[in-house]
Every structure is written in structure tokens, then in C-alpha cells.
Amino acid sequence: MDALEAAAAVVWPARFAAAVPYLMLAPAVLLVGLLVIGLAYIGDTSLRTLDTSTFLLSDDYTLANYRRALSESLFRTVAARSLQASLIVTAVTLLLAFPYAYLMVRTPSAALRKLLLIALFLPFFIGQVVRAYGWLIILGNQGMVNDALSLVGVAPLRLLYNYPSVLFGLIQYMLPFAVLMLAPALTAIPEELEAAAHSLGANWLRAFWHVVLPLARPGLVGAGLVVLTLTLTDFAMPAILGGGSQDFIANAIYDQFFRTSDQGLGATLALLLVAAGSLLVGLVLYLFGAGTLAMGRRR
Amino acid sequence: MERMKPAFRQPQAAEDRQAAVSVRGVSMVYDGVHAVRDASFDLAQGKFLTILGPSGSGKTTLLRLIAGFLEPTSGEIFINGRAVSAVPPHRRSIGMVFQKLALFPHMTAAQNVAFPLKMRRRDARTIPERVERYLELVRLGGLGGRRVHELSGGQQQRVAIARALVFEPDLLLLDEPLAALDRKLREEMQLEFRRIQRQLGVTTINVTHDQREALVVSDEVIVMEAGMIEQNASPLDTYRAPATSFVANFLGVTNRLSGVVTSLDGDRIGLLAGDHLMVGAAAGPGGSLQIGARASAAIRAEQIRISPDLFALSGLETVLSGTVSDVIFEGDRVVYEILTVLPETGPLRVFDHDVGSRRQYRAGDAVHLGWNARDLFVYKADPEPAATKPDRGD
Ligand SMILES: Nc1ncnc2c1ncn2[C@@H]1O[C@H](COP(=O)(O)OP(=O)(O)OP(=O)(O)O)[C@@H](O)[C@H]1O
Ligand SMILES: [Mg+2]
């Protein structure tokens with residue numbers, strides 16, 4: 001053993017030990033570094049306009065893309081739609097995920113807990129795109145829902161290619177993420193605290209409001225942030241369930257890069273999306289405190 | 001084995017009125033596990049009861065039944081004469097201090113103490129004054145603004161007590177809240193509990209597996225084992241007159257002997273252990289011993305006299321000889337382990353009584369042991385040798 005340690009000391013002297021934590025950070029730093037380079041490149045592209053005759057980007061810098069992105073009503077509609085969707089989806093998802101997670105964590109029945117967990121993970125194995133197609137099959141004009149409705153004599157309903165169907169798809173997609181982020185936060189709340197609240201005179205609702213909810217805040221903020229950013233930047237659901245009529249920002253960016261080939265405008269939209277997302281995350285953290293993400297020293 | 005039968009099973013109005021808590025024939029079965037079996041007891045207003053028992057004996061279960069977190073499988077619990085099985089915990093007016101305290105970490109000490117008042121919709125203007133008064137009662141005046149994690153373990157205990165008492169509950173329940181503390185702090189808090197309980201006169205049920213705590217703080221002690229109440233008596237009687245061999249072995253440092261009953265003369269029992277004929281006192285339910293039947297006996301370490309000289313033990317009804325096998329110095333006392341010829345018995349543990357003599361025995365010394373007949377408790381033999389080792393408190 002001593003010989004092994006001696007050999008280790010030669011290869012890796014003790015004074016290097018202090019460097020170990022930083023060394024472990026290296027891959028992350030590298031990754032973020034690459035991202036920053038990419039971002040700088042996109043920033044550069046966003047300042048050049050597309051020459052529609054040559055399909056080349058201009059050599060000189062201009063803010064024309066930003067002016068277009070911020071003034072054209074199409075982009076404003078798309079941005080407002082994505083933003084609104086992300087807020088609605090976050091609120092509804094948290095509302096649905098919380099009782100699910102709570103039940104999963106607190107149920108005394110092991111069988112029910114397993115069932116809830118399996119029901120949660122199953123959709124994970126089915127990617128977002130496949131799931132969206134699944135909804136096409138279910139909700140389409142000749143889909144299962146309309147088939148069933150026709151049996152009772154209801155004329156086919158247009159269930160797809162509208163805003164609610166996109167929201168619906170997104171909520172269904174986000175639910176497992178939210179539950180998975182909430183469950184550990186709820187597990188961390190000792191059941192005894194709720195019993196204590198009851199014995200101190202709180203009925204179920206007030207114990208929930210005054211004890212469970214405040215203590216679940218880190219989980220709620222974390223889950224909320226994940227759902228918020230994932231929705232804001234989502235591509236597949238609006239593309240498939242919206243059928244082109246319900247584009248989000250990511251769809252608009254895709255169009256610029258791969259349809260009109262206006263990389264300048266695409267880069268601009270991408271940067272604006274990053275800015276909007278960062279602003280939103282910053283706002284949430286400001287309102288609810290970074291400490292809620294378990295970053296503060298809390299017990 | 002004969003268990004203590006509850007004195008009465010039927011609720012009687014007169015007794016209900018005076019008993020703060022009345023537990024009647026309560027059983028609790030978790031799927032398959034019989035955690036509490038047919039428990040019955042009454043506790044008078046203002047008394048301090050301690051439920052003592054080894055781990056898994058059903059203490060917490062009994063307490064949670066009284067608090068209303070569990071519903072008994074059978075039986076009924078009365079609080080101030082009222083059957084409470086249909087009353088949810090938040091309507092029971094019971095203050096509870098949990099094993100892990102269960103303070104709300106997102107609140108300050110004062111907010112924790114104010115919580116039950118807020119939940120009971122007391123007049124908001126009177127709350128701060130009342131909270132301060134109770135914080136002072138537990139000697140935490142001025143620390144109300146601290147977050148829970150900014151308080152020491154002992155201070156957190158006090159917050160939990162203040163929170164459980166501030167709304168003047170009918171009943172205070174303590175589920176081993178001191179178990180996590182170090183010995184010195186624990187002993188300090190035991191006396192603190194006693195002081196506060198006397199000052200407020202609140203009926204209290206305390207759960208512990210620390211026998212010292214049970215003896216120090218209580219008016220009454222219930223000893224539980226495997227879900228059954230073995231004895232319900234004053235601390236003094238619990239120690240001096242243990243009703244079952246389990247109680248005898250659970251409290252104090254007790255030596256367990258076994259033998260065959262040779263004579264029955266009122267309370268005096270003749271017992272043949274190996275070749276030794278000794279005399280003991282019948283304990284527990286009378287009439288259960290029969291000549292020729294196996295019996296188990298218990299003798300406390302402090303009741304055994306030890307001497308190198310046989311004549312010094314004259315007058316004691318049982319005398320036998322042995323060899324010192326181990327000497328354990330515990331500071332305030334010396335414990336000797338003595339090997340004897342008694343069958344089915346390990347070394348006898350004996351305290352050095354005669355501290356004045358300054359005599360020290362060493363391993364290998366030949367000694368004589370003796371005790372009085374009244375100190376040897378004789379019980380009907382246990383169905384099987386006890387699996388539970390006596391818990392010596394710490
Ligand atoms: N929720 C439960 N489900 C099933 N069995 C349980 C449950 N809670 C307790 N038990 C069982 O009931 C018995 C009594 O448990 P209880 O918690 O009342 O013991 P205790 O005397 O408080 O022990 P300790 O001193 O270790 O706290 C034990 O055998 C335990 O395993
Ligand atoms: Mg317990």
C-alpha cells in the first residue's frame with residue numbers, strides 16, 4: 001500500500017491536490033467556452049444583412065436586422081405567442097405536477113408509487129417528435145377522438161393546428177420534467193412537519209399553504225425555470241401540432257436559416273431569444289431568490 | 001406469561017370526568033404488526049406520565065394514537081371525558097414535541113411559536129406579547145428573531161416546547177424529544193421539562209427509552225414491551241416493586257437467575273438454583289407460582305453485598321461464593337462481574353457498596369456474595385429466555 005502511495009505521490013504530488021477541483025471543472029469550462037465562441041460568431045453574423053441578389057452577407061456591420069426583428073409585426077406576434085405560451089404552460093404544468101409529485105412522494109402504498117413513477121417515465125422513452133405525431137393520430141380530423149365523436153353523431157371538430165393544441169402538447173411534454181424536479185424537493189420536507197402543523201391546529205389546507213408550499217419553493221422555482229425555458233425555446237410542438245400556423249421563436253429562427261437563408265436575421269432572432277430567456281430567468285430568480293435553488297446555505 | 005389486566009374496561013362517567021386522558025382497550029395493528037395490544041390506562045389532570053420501553057415496543061404508536069395521527073384498530077381514547085376517535089388532530093388541543101422537533105425551518109423561533117396561535121385565529125394583537133411570554137418561560141427571551149438553524153440543539157428543544165405549549169393545550173405529548181441530546185444537556189432539559197410542566201400544570205405524556213429520565217421526571221411510569229403495558233405505577237414502585245420480570249430487568253442493573261420453586265410460604269418463595277437453595281419474594285401477579293415449576297428471579301446489582309469474608313455477610317438469607325471476573329470502573333461506582341456456580345446465569349453484576357472501605361477487588365479474587373430475601377424478585381418463568389437486553393439508560 002505504501003509503495004502504491006509513494007508511486008502516486010511521484011505521479012501526482014500533494015501540492016497539485018489543490019488543483020483537483022479546478023481540473024474537474026475543466027470540461028464544463030471548455031463546453032461553456034465553446035458556447036461563448038459560437039455566441040460571438042452568431043453575434044457577428046447578426047450584424048450583417050443579406051444581399052438578396054447574391055445571397056451573401058454584407059461585409060459591413062449594421063443594426064438593420066435588429067430593427068427588422070423588433071419592428072416587423074410577424075416577429076412580434078411570434079415572440080408574444082412564445083412568451084405567453086411559456087407562461088401559461090409553466091403555470092398549468094406546475095399546477096398539475098405538484099399534486100402528482102406530492103401523491104407520489106407521500107402515498108403509503110408502494111404499488112401506487114410505482115405506478116405513478118412508471119406512468120411518469122414511460123413518455124420519456126418516447127421522444128418529443130414521436131409524441132407529437134401521436135397526438136396527430138389521436139386529435140386529427142380522422143383521429144381517434146373524432147372517430148369516437150362521430151359515433152355519437154357529433155360532426156368532426158378541428159382539434160389540431162391551433163394554439164390550444166400546441167399548449168396542450170407542451171404541457172403534456174413538460175409534466176414529467178416538472179414532476180421529476182418537484183419530487184426530490186417534496187421528499188426533503190419531513191412528513192413530521194405536516195403532522196406538527198396539524199397538531200398545532202392547522203387543517204390540511206392551511207398546513208399545505210403555510211408549511212408545504214413555502215418549503216417546496218426551491219423545487220417549484222427549479223421546475224418552473226426548466227419548463228419556462230424549454231417551452232420558450234421549443235420547436236417541435238408548435239411545428240407539428242401548430243402546423244405552421246402557430247410558430248414560436250425557434251420556428252421563426254429555423255425559417256430564417258433554412259428557408260429564406262437569411263442567416264443574419266436568424267442570428268439576430270437567436271440572440272434576442274437568448275436575451276429574453278436570460279431576462280425571464282433573471283426576473284424569476286430576482287423575485288424568488290437564488291437561495292431557493294438550494295444555492296444558498298440552507299438546511 | 002401473566003400480564004397486568006386493566007383494572008376496568010367499561011368507561012365510567014365519574015372517572016371520565018376526572019381523568020385528563022383515558023385509554024381503553026386500545027390496539028393498533030399495522031398490516032400484520034401488532035404494535036399496541038389492548039392498552040388501557042387513565043391519567044389524572046396535571047400529571048406527568050412517562051411511557052418507557054425498548055425500541056419497537058409501541059411507544060410512538062401509542063402516542064400517535066392519542067395525538068390522532070393514527071386511528072386505533074380497536075378501543076377508544078377519551079380526552080377530558082370525550083371520545084376522540086372522530087376528532088382530527090388539529091381539533092384535539094394537543095401540544096406535541098416530536099422526536100426530531102419538527103420546527104418549521106422557514107420561520108423564525110417567534111414565528112414558530114406564533115404558528116399555533118395563528119392557526120387557531122387568536123387575536124393578532126395579543127400574539128406577539130404571548131409569544132414573548134412563552135419564549136421567556138423556556139428561557140429564550142430575546143432570541144425570537146433567530147432562524148431555527150441559528151439556534152443550538154438545546155435552544156431548538158426549547159422553541160419546540162414553547163410552540164407546543166403556547167396555545168394552552170389540554171395535553172402535552174413528548175416523543176423522545178431529548179434522545180438526540182448529549183447526556184448533560186439531556187439531564188438539564190429533563191429538569192426543565194419538569195419545571196415548566198409543574199409551573200403550567202399541563203397534563204403530560206412523555207415517551208422515552210431512557211429509564212433515568214422516566215424515574216426522574218414522572219409522576220407515573222408505564223413500562224411497555226412488545227405492544228403491551230407491563231406495569232403502570234409510580235417511579236418508586238416501578239423500580240422497587242417491578243410487576244414482571246421484564247420490568248425488573250429493564251430498569252436498573254439487574255441480574256437474572258432461574259430455578260425451580262421448592263416452597264411457597266406467603267410471599268416467601270424457596271428457589272433451587274443448581275445446588276443453591278435461596279429464598280426470594282414473590283413478585284407480579286400472585287398465585288402464578290407453583291411448587292416444582294420453573295421460575296425466574298431478578299436481583300439488582302446494588303442489593304448484592306460483596307465481601308472477602310463470609311462472616312461479614314451473616315444475617316443475609318442467601319449467601320454464595322464466586323470469583324471476580326471483571327472490574328468496571330464507572331467513576332461514581334465500581335461494577336464487579338462475579339462468576340458463580342449458578343446455572344443458566346452469566347457473571348453476576350455487583351456494585352461496590354462499601355465505598356468507605358476503599359477496598360478494591362481484582363480479577364481472580366475469591367469473594368462471597370449475599371442478599372436479603374425481600375430483594376430477590378421471583379416471577380413465573382418466562383416462556384423463552386428474554387431476547388431483550390436491559391437498557392442501562394446511556
Ligand atoms: N407505519 C408502520 N407500518 C408498519 N409497522 C410499523 C409502522 N410504524 C411502526 N411499526 C411497527 O410497530 C412497532 C412499534 O413501533 P413504534 O414506532 O411504536 O416503536 P417505539 O416504541 O416508538 O420504538 P422506538 O423507541 O425505536 O422509537 C414496531 O415493530 C414497528 O416496526
Ligand atoms: Mg418511537
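The values are calculated or read from the model by the stated rules, or taken from the named source; none is laboratory data. Computed from a prediction, not measured in an experiment: that's the story for all the values here. Heads up, the Cβs are rebuilt from the backbone with ideal geometry, glycines too, and the neighbour counts pull from every protein chain shown.
Filter the stretch B:15-32 down to residues that are out of contact with any Ser or Thr (no Cβ under 8 Å at 6 or more places or on another chain) and more than 14 Å from chain A (Cβ to nearest Cβ) and give me whichever is farthest from ligand 2 (Cβ to nearest atom).
B:Arg17
Being within 9 Å of ligand 1 (Cβ to nearest atom), of a type outside the set (Asp, Glu) and more than 15 Å from B:Leu174 (Cα to Cα): is that true of B:Val87 here? Steps first, answer last, please.
Values: within 9 Å of ligand 1 (Cβ to nearest atom): no; of a type outside the set (Asp, Glu): yes; more than 15 Å from B:Leu174 (Cα to Cα): yes.
Judged against the criteria, B:Val87 is not a match.
Only one residue in B:Met96, B:Met107 is in the same structural domain as B:Val148 (by TED's automatic domain parsing), among the aliphatic types (A, V, I, L, M), touching a residue at least 40 places away in the same chain (Cβ under 8 Å) and within 16 Å of ligand 1 (Cβ to nearest atom). Which one?
Of B:Met96, B:Met107, the one residue that is in the same structural domain as B:Val148 (by TED's automatic domain parsing), among the aliphatic types (A, V, I, L, M), touching a residue at least 40 places away in the same chain (Cβ under 8 Å) and within 16 Å of ligand 1 (Cβ to nearest atom) is B:Met96.
Looking at A:Ala79, A:Ala7, A:Ala17, can you tell me which residue is small (Gly, Ala, Ser) and touching a residue at least 40 places away in the same chain (Cβ under 8 Å)?
Details: A:Ala7 fails: touching a residue at least 40 places away in the same chain (Cβ under 8 Å); A:Ala17 fails: touching a residue at least 40 places away in the same chain (Cβ under 8 Å).
Going through A:Ala79, A:Ala7, A:Ala17 in turn, the sole match is A:Ala79.
Just the residues that are on the phi < 0 side of the Ramachandran plot and in a loop (DSSP other than H, G, I, E, B), please, taken from the stretch B:286-303. So that I can check it myself, show each step before the final result.
The initial filter retains those residues of the stretch B:286-303 that are on the phi < 0 side of the Ramachandran plot, namely B:286, B:288-291, B:293-303.
If the condition is that a residue be on the phi < 0 side of the Ramachandran plot and in a loop (DSSP other than H, G, I, E, B), then B:Gly286, B:Ser288, B:Leu289, B:Gln290, B:Ile291, B:Ala293 are the ones that fit.
Please indicate, with yes or no, whether at least one residue in the stretch A:76-88 is of a type in the set (Lys, Arg), assigned by TED's automatic domain parsing to the domain that holds A:Val221, in contact with a helix residue (DSSP H, G or I) (Cβ under 9 Å, 6 or more places away or on another chain) and closer than 27 Å to A:Val226 by Cα.
Yes; the residues of the stretch A:76-88 include at least one that is of a type in the set (Lys, Arg), assigned by TED's automatic domain parsing to the domain that holds A:Val221, in contact with a helix residue (DSSP H, G or I) (Cβ under 9 Å, 6 or more places away or on another chain) and closer than 27 Å to A:Val226 by Cα.
Taking the stretch B:141-166 as the search range and keeping residues that are of a type in the set (Gly, Ala, Ser) and either under 23 Å from the mean Cα position of the chain (by Cα) or in a helix (DSSP H, G or I) (or both), which one is nearest to B:Lys184 (Cα to Cα)?
B:Gly154
Within 14 Å of ligand 2 (Cβ to nearest atom) and part of a helix (DSSP H, G or I): does that describe B:Thr61?
Numbers: within 14 Å of ligand 2 (Cβ to nearest atom): yes; part of a helix (DSSP H, G or I): yes.
Yes.
How many residues does the stretch A:186-207 contain that are within 14 Å of B:Phe167 (Cβ to Cβ), within 7 Å of chain B (Cβ to nearest Cβ) and touching a helix residue (DSSP H, G or I) at 6+ places or on another chain (Cβ under 7 Å)?
Number of matching residues: 5.
In the stretch A:208-239, how many are facing another protein chain (nearest Cβ under 10 Å) and buried (at least 22 other Cβ atoms within 10 Å of the Cβ)?
Of the residues in the stretch A:208-239, 1 are facing another protein chain (nearest Cβ under 10 Å) and buried (at least 22 other Cβ atoms within 10 Å of the Cβ).
What number of residues within the stretch A:64-109 are exposed (fewer than 13 other Cβ atoms within 10 Å of the Cβ), assigned to a helix (DSSP H, G or I) and polar (S, T, N, Q)?
4
Scan the stretch A:110-131 for residues that are among the charged types (D, E, K, R) and in the same structural domain as A:Ile240 (by TED's automatic domain parsing) and report the count.
Number of matching residues: 2.
Being outside any loop (DSSP other than H, G, I, E, B), out of contact with any helix residue (DSSP H, G or I) (no Cβ under 9 Å at 6 or more places or on another chain) and surrounded by 14 or more Cβ atoms within 10 Å (Cβ to Cβ) is the filter here; which residues of the stretch B:68-85 pass it?
Selection gives B:Glu76, B:Ala83.
Does at least one position in the stretch A:234-249 carry a residue that is part of a helix (DSSP H, G or I) and hydroxyl-bearing (Ser, Thr, Tyr)?
No - not one qualifying residue is present in the stretch A:234-249.
Just to check your reading of the model, which residue among B:Glu225, B:Glu187, B:Glu220 is within 14 Å of the chain's Cα centre (by Cα), assigned by TED's automatic domain parsing to the domain that holds B:Ser57, surrounded by fewer than 23 Cβ atoms within 10 Å (Cβ to Cβ) and away from ligand 1 (no atom under 16 Å from the Cβ)?
B:Glu220 is the lone residue from the list that is within 14 Å of the chain's Cα centre (by Cα), assigned by TED's automatic domain parsing to the domain that holds B:Ser57, surrounded by fewer than 23 Cβ atoms within 10 Å (Cβ to Cβ) and away from ligand 1 (no atom under 16 Å from the Cβ).
Here are some conditions: (1) in the same structural domain as B:Phe98 (by TED's automatic domain parsing); (2) modelled with pLDDT under 90; (3) crowded, with 23+ Cβ neighbours inside 10 Å. B:Gln231 meets all but one. Which one does it not meet?
(2)
Do we find a residue being surrounded by 23 or more Cβ atoms within 10 Å (Cβ to Cβ), in contact (Cβ under 8 Å) with a residue 40 or more places away in the chain, out of contact with any Lys or Arg (no Cβ under 6 Å at 6 or more places or on another chain) and outside any loop (DSSP other than H, G, I, E, B) anywhere in the stretch A:254-265?
The answer is yes; a qualifying residue exists.
When the stretch B:69-93 is examined, which residues are found to be within 9 Å of chain A (Cβ to nearest Cβ), free of Cβ contacts under 8 Å to residues at least 24 places away in the same chain and of a type in the set (Lys, Arg)?
As a first pass, look at the stretch B:69-93 and keep what is within 9 Å of chain A (Cβ to nearest Cβ): B:69, B:88-93.
Those still in the list that are free of Cβ contacts under 8 Å to residues at least 24 places away in the same chain too: B:69, B:88-89, B:91.
Hit for the stretch B:69-93 is B:Arg91, nothing else.
Taking only the stretch B:174-185 into account, find how many residues are of a type outside the set (A, V, I, L, M) and either within 16 Å of ligand 2 (Cβ to nearest atom) or touching a Phe, Trp or Tyr at 6+ places or on another chain (Cβ under 6 Å) (or both).
Within the stretch B:174-185, residues that are of a type outside the set (A, V, I, L, M) and either within 16 Å of ligand 2 (Cβ to nearest atom) or touching a Phe, Trp or Tyr at 6+ places or on another chain (Cβ under 6 Å) (or both) number 3.
Matching residues to (1) within 14 Å of ligand 2 (Cβ to nearest atom); (2) closer than 21 Å to B:Ala164 by Cα; (3) surrounded by 17 or more Cβ atoms within 10 Å (Cβ to Cβ):
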position: B:Val36; (1), (2), (3): yes, no, yes
position: B:Ser40; (1), (2), (3): no, no, yes
position: B:Gly56; (1), (2), (3): yes, no, no
position: B:Val87; (1), (2), (3): no, yes, no
position: B:His90; (1), (2), (3): no, yes, yes
position: B:Gly95; (1), (2), (3): no, yes, yes
position: B:Leu103; (1), (2), (3): no, yes, yes
